[in-house]
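To start, the structure under review is shown below, and the notes come after it.
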């Protein structure tokens, strides 16, 4: 159960940086390789790897809640964290649009 928390905390720390929210800012000179590497890393971590980790986390939390070994409120926070992780770009885009900043694709 603690490993799920650590995976979730690591995911929140590493994978929740919404690059789409920063499209309006120009990259500094000479940062092309760094930006390319970070975009590749984000694509990898928000792609198949993050999906597999999220499926394992939700399945294990669901099993623990089903067998009565985990509090429902605690399990719901893990599942809510997965929704926030994968919906971070949409959430930031909605906040920017409601604030009048436009946002990506607007």
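The values are calculated or read from the model by the stated rules, or taken from the named source; none is laboratory data. None of these values were measured; they are calculated from a predicted model. Here the Cβ positions follow ideal geometry from the backbone for every residue, glycine too, while neighbour counts run over all protein chains shown.
Restricting segment 92-102 to residues that are part of a helix (DSSP H, G or I) and touching a residue at least 24 places away in the same chain (Cβ under 8 Å) leaves a set whose member that is nearest to residue 45 (Cα to Cα) is 92.
Report whether or not residue 79 is surrounded by 12 or more Cβ atoms within 10 Å (Cβ to Cβ), in contact with a helix residue (DSSP H, G or I) (Cβ under 7 Å, 6 or more places away or on another chain) and either modelled with pLDDT of 85 or more or assigned to a loop (DSSP other than H, G, I, E, B) (or both).
On the way: surrounded by 12 or more Cβ atoms within 10 Å (Cβ to Cβ): yes; in contact with a helix residue (DSSP H, G or I) (Cβ under 7 Å, 6 or more places away or on another chain): yes; either modelled with pLDDT of 85 or more or assigned to a loop (DSSP other than H, G, I, E, B) (or both): yes.
Judged against the criteria, residue 79 is a match.
Within segment 51-67, residues that are free of Cβ contacts under 8 Å to residues at least 12 places away in the same chain reach partners that are outside any loop (DSSP other than H, G, I, E, B) with beta carbons closer than 8 Å, at six or more positions or on different chains, in the pairs 65/72; 65/75.
Looking at residue 67, is it modelled with pLDDT of 90 or more, surrounded by 11 or more Cβ atoms within 10 Å (Cβ to Cβ) and more than 13 Å from the chain's Cα centre (by Cα)? Don't jump to the end; show me each part of the working.
On the way: modelled with pLDDT of 90 or more: yes; surrounded by 11 or more Cβ atoms within 10 Å (Cβ to Cβ): no; more than 13 Å from the chain's Cα centre (by Cα): yes.
No: the conditions fail for residue 67.
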